[in-house]
Structure formats: structure tokens, C-alpha cells
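Okay, so here's the structure we're looking at.
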Amino acid sequence: MEHNLAVYNTLKRGKEIFVPLNEPFVGMYVCGPTVYGDPHLGHARPAIAFDLVFRYLKHLGYKVRYVRNITDVGHLEADRDEGEDKIAKKARLDQLEPMEVVQYYSDRYYHFMELLNVERPSIEPRASGHIMEQIEMIRKILGTGFAYVVNGSVYFDIEKYNGSYPYGKLSGRKLEDLMANTRDLEGQEEKRNPFDFALWKKALPEHIMRWPSPWSDGFPGWHLECSAMGTRYLGEQFDIHGGGMDLLFPHHECEIAQSQVANGKEAVRYWLHNNMVTINGQKMGKSLGNAVSLEEFFTGNHPLLEQAYSPMTIRFFILQAHYRSTLDFSNEALQAAEKGLKRLMAGMETLKSLQSAASSQIQGSRFKVQGSVNNPASDIRHPVSDIQHPGSRIQHLADSCYAAMNDDFNSPVVIANLFEGVRIIHAVKEGKEHLTEEELNHLNRLFDTFVTEIMGLQDESSGDQSKRIDGLMELIIGMRKEARERKDWGASDRIREALEDLGIILKDSREGTSWEKAD
RNA sequence: GGUCUCGUGGCCGAGUGGCUAGGCAGCGGUCUGCAAAACCGCGUACAGCGGUUCGACUCCGCUCGAGACCUCCA
């Protein structure tokens, strides 16, 4: 594969050239949602970040198998000491079957991800559907002596593991430090050490979700599903494992330990972690009570929101920051993203119209090219070579976009380059610069590739406008045009104002009048 | 308390040992019956204090500030 894609590997604390195990195949596993609540902005971040990775790897020609799990069992309730299953607790509160809750929230998750134009992964396995694999993995781990059974529960022996392998190498923690400051939590009596983690938990009587196992009726430990399902679908070793930074410790650390022991080898080659969305500088999280759900963003129905924000605005907002940086939420930032996106999409629209008119215009404008070379004003801003070959700027833009993506998926720099492209588009439209048909095609391909294919941005403005409305608007605008030609400003303004009351804004320009919804 | 990350112009957000993204807002202009929209132009900012260097916003140290993880969390 001809590229030099560098990815930031958390394990190495630095960027490395990406080389898959079995080219052209790439295996990627990403930690998905726990489906016991409505998806919020925090869920959108990794989904979009790894969607970008997925799309770009495919663009480079890789055959990617992308696995993202749905966690529907096994996570413990934080404020409970009985080890009650999160899903079960929610089910009790709502008087529903656990699987009903799971079904509801996973449907919601899929729906909102689709609105965000996040591509469906290749496989979306559920923990509850892979109990057998998890039991099998526990058996293997027990066989190596790195786990022990107490009262029907199975725990991973961290201290023993640390004797053979470096526990904490991903998160940069040392066992001694962990020993020095572990908290006393209830329900830990069974463990030899507080930092040991459960592979299997015996169910208490009130637990609704339970499965038989050699050790007890119970449920799998909360780190196991990723190791088991990753192994099942991607093999004992695979290329990329992704997830939020908050999962780094202990979740991913435990995954490393489990897989190492069970399979006798290190499972993951590149660990990628996205950073958090913050709100007033603080992490947005369900447990912090400051999470704004995606539905609330799309409807604007939340005290913190000044308006609704469309799915593409959210997507663009997220892509405008690098995935490893925190991203601070605010109305101001979101509104900026909304306008920026609009400008980008409008530029793309203009580009298409330029292209259709290209062959006729380019011929006639050849002479003007000479003129602009001699224009001293433009010499100030551009190197002479660029003026003689405006198309070379397009090539440079394309190179810059690829360079940005190859530098650990730097979407904000890609976007900056695309805005440079928008400037060129306007200049060509105004007749200040000229491109050959070939160059115009090149620019068009560049936008299609990066905006649509890789960044997954769609034009929302015209998507839901039916042909009938378009026809009506054409009619109304035509009538207003006639009024204006008669200099009947009263009629003209009345039409404009009436439409404005209906939430439709007219935009007059030299080329004619266009319209859009006010929102 | 321990481990780690970060501190960039009004806001969001890239990046780099010298060539100093981008978006939004603001200001100026073009266009226009008016308005809006659109387009063009304009901002030398990198927490503070030291040090290394010919030169640091970028490297090192300290101080201040913010955050993440250590417990379920994307």
C-alpha cells in the first residue's frame, strides 16, 4: 500500500507508521456504547473519530473489518455496592425486560449515528450474544493460573500477572503506585487484591440477567467482552483498537492482560484513543449529569442550547478539532461550526456549477490569463509560478489534504485546506482566476473525496426540499422578479416579508434570486 | 494524594526551533431600489518567570491555572 500514514499509538506514546499485519486487510475494534441511556454528544465523538479512520483506511485501499461492540450486560452500577448490573437496574426502574431496554437504546443509538452519517461497522456484536466465548476465555485464563475462583466468582490475579508481564504499560501506571492508593470499596472482600478485576461474577438473587457457567449462575466481568469478541472476529492479534481516553485505565489495561494470558500474545498493535468533549471545561458525562443528548441537540430542546443544531453541524464541529484534543462545547462554537459548514457546502455547490459551465467559459477566458500575470497587485500575494499555473495550487491542496490525513487523521487541517479551495472557487467564479477543465475536474474530485467520502459531510440544506416546493418557489420568485422589473417595490417587499414570516429567506444576487430556510 | 495531559488573538481550534493554519465574531469595502445574503480585504496571539540557542510560541526548569484517569462512563 503506497502511503505513509502515521498514527498516534498510545502504547508507544508517539506516532508510528501504520503497517497492518496482513495487508491489504485491517482489523479494527472500537469500544461501543453501553445501551442503558440515550446517546449524547460524548458518544458521537468516538463514533465520528473512528468513522473517519474507517473511511480513510478504506480510501487508501485497505479491506477493513471494523468491529464495534454493543455492551448490553455486565457493567456494575457505581453507586451500588451489590454489584448490580446496570442494565438490570434500569430495567427494574422502568419495569421493563432488560432486553427491552437494550433493544430500545441500541435502536436509538443506531438511529442517531445514522443521522450523523456514521457508517455502520462491519460487525456490531453484543456481549449478551457472546457469553460462550467469554466463558471459554475465562477457562483458558484459569488454565494458566492467572485467575482464581472465589464463591462462584472468578478474578484476574494482577499481582501474579505483573510478575510475568508489565501491567500498566498502556496507561503508564505502576503496580506499586496502584497498591499505594487504592480506595476501599465495598464488595471487594473476595479479591486477593483490590485492583484484581472480575472475569465472572456470581449473580445475586435480585439479578435478572444471568447465565449458567462452570462457576456459578452469573454474568461476565466488565472488561472481558471486548477481549472475547475482538479475538472472535479479528483473531488473536489485530491492528487497531480504539476507544475513549476514559477507557484507557482500567478497561483497556485489563483487556491487554486478559488477551495476553488467554492467547499467549499481545492482541493489539495500535491503540488509538479519542479525547473527551468538555462543557465549561469539564468532561461531559452521563454520570456527571451534564451530558446533552443528541436528540436534544437536533431539536434544540435543552436549557443549555440557544438553538437546534443539525447532525452535520455536530459532525463538522467534531471534525474541526483533532480527535486527540479535548473539544469544548458552547453555543458560540457550535454556531461558528454551523456557518463554516454552510460556507464549505455552498462553495462545493458553486464548484459544481462552475464545472458544468467549464468548457464554454474556459476557452473565452484564456486571454485574460495573460492579463492577470501582468497585474502587479496579484504579484504581491502569490508566487509567480502559481499565477502562471493556477492548477498547481490544486495539486498542492490535494497534497496538503493527504499529508494532513496521514498525520494521524488531522481533519482540522484538511478542513483548513478545503476552505483555501473555497477561496479559489470564488476567485474562479468572479473571473479573477482561471482553471482548465482538467484542473476544475481535479478540484471537484478533491472536494468529493475529502468532504463527502472521507469526512462524510452531506449537504442538508436541499435534502428535504420536495420538487413541489422548489416549483412553488420558482413561481413566487418569478412573480417577484416581474414586480421588481416594474419597480413595484411594494409588491416585491411584500412577497419577501411574507416568505420571511414563513421562515424562508430570499437572497438576491447578480445571477438571480435564491432561497433558503431560515431555521 | 498518585499518574498523566493541557494552557494559542473576542470565541472555537491547528501547528512549528527562524518562513507565523482555518472557521466564527468584529471592522473596512464591493454588489444592491432598500434589506439580507454573498464575495474581497484587515488582526502578529501563543499563561508567568528563568534557562538553552545566533534565534523559542515551539526545547528544559520552576510558578500559576485548568482538566483527565486512579470507580461505571465515549
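Annotations for the structure displayed:
- Output for region A:476-514, where each listed residue is within 45 Å of the chain's Cα centre (by Cα), surrounded by 16 or more Cβ atoms within 10 Å (Cβ to Cβ) and near RNA strand B (Cβ under 10 Å from one of its atoms): A:Arg480, A:Ile495, A:Arg496, A:Leu506, A:Thr513
- Hey, A:Gly172 more than 10 Å from RNA strand B (Cβ to nearest atom) and either buried (at least 22 other Cβ atoms within 10 Å of the Cβ) or modelled with pLDDT under 90 (or both) or not: no
- Among the residues here, A:Tyr165 does not qualify as within 24 Å of the chain's Cα centre (by Cα) and over 30 Å from A:Ser325 (Cβ atoms).
- So A:Gly456, is it more than 9 Å from RNA strand B (Cβ to nearest atom) and either acidic (Asp, Glu) or without any contact (Cβ under 8 Å) to a residue 12 or more places away in the chain (or both): no
- Contacts under 9 angstrom Cβ, first residue in region A:309-331 being without any contact (Cβ under 8 Å) to a residue 40 or more places away in the chain, partner outside any helix (DSSP H, G or I) and among the hydroxyl-bearing types (Ser, Thr, Tyr), 6 or more apart: A:Phe317/A:Tyr309; A:Asn331/A:Tyr309
- Among the residues of region A:32-47, those identified as at pLDDT 95 or above and touching a Gly at 6+ places or on another chain (Cβ under 8 Å) are A:Arg45, A:Pro46.
- Yes/no for A:Ala427 being out of contact with any helix residue (DSSP H, G or I) (no Cβ under 8 Å at 6 or more places or on another chain), open to solvent by less than 30 Å² (accessible area, probe 1.4 Å) and either modelled with pLDDT of 80 or more or not assigned by TED's automatic domain parsing to the domain that holds A:Val118 (or both): yes
- Region A:250-304: number of residues that are open to solvent by 30 Å² or more (accessible area, probe 1.4 Å), within 11 Å of RNA strand B (Cβ to nearest atom) and under 18 Å from A:Gly230 (Cβ atoms): 1
- Of all residues in region A:411-422, those that are under 13 Å from A:Ile454 (Cβ atoms) have Cβ atoms under 9 Å from Cβ atoms of residues that are within 7 Å of RNA strand B (Cβ to nearest atom) and assigned to a helix (DSSP H, G or I), 6 or more apart or on another chain, in A:Ile415/A:Gly340; A:Leu418/A:Gly347.
- Scan of region A:124-162 for residues that are open to solvent by 50 Å² or more (accessible area, probe 1.4 Å) and more than 36 Å from the chain's Cα centre (by Cα), ordered by number: A:Gly143, A:Thr144, A:Val149, A:Asn151, A:Glu159, A:Lys160
- Top-ranked residue in region A:7-25 [being aliphatic (A, V, I, L, M) and either in a loop (DSSP other than H, G, I, E, B) or open to solvent by 20 Å² or more (accessible area, probe 1.4 Å) (or both); ranked as nearest to A:Ala403 (Cα to Cα)]: A:Ile17
Results for (1) assigned to a loop (DSSP other than H, G, I, E, B); (2) at pLDDT 95 or above; (3) under 13 Å from the mean Cα position of the chain (by Cα); (4) not assigned by TED's automatic domain parsing to the domain that holds A:Gly37, shown as yes or no for each residue.
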position	(1), (2), (3), (4)
A:Pro250	no, no, no, no
A:Ser287	yes, no, no, yes
A:Leu304	yes, no, no, yes
A:Asp328	no, no, no, yes
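- Only one of the numbered conditions (1) open to solvent by 50 Å² or more (accessible area, probe 1.4 Å); (2) more than 10 Å from RNA strand B (Cβ to nearest atom); (3) closer than 28 Å to A:Lys429 by Cβ is not met by A:Met473, and that is (1).
The values are calculated or read from the model by the stated rules, or taken from the named source; none is laboratory data. All figures in this text were calculated on a predicted structure; none of them were measured in a lab. Positions of Cβ are backbone-derived with ideal geometry, glycine not excepted, and every protein chain shown enters the neighbour counts. Surface areas here come from the heavy atoms of the whole protein model, side chains and all, with no ligands, DNA or RNA. Shrake-Rupley method; radii C 1.70, N 1.55, O 1.52, S 1.80 Å.
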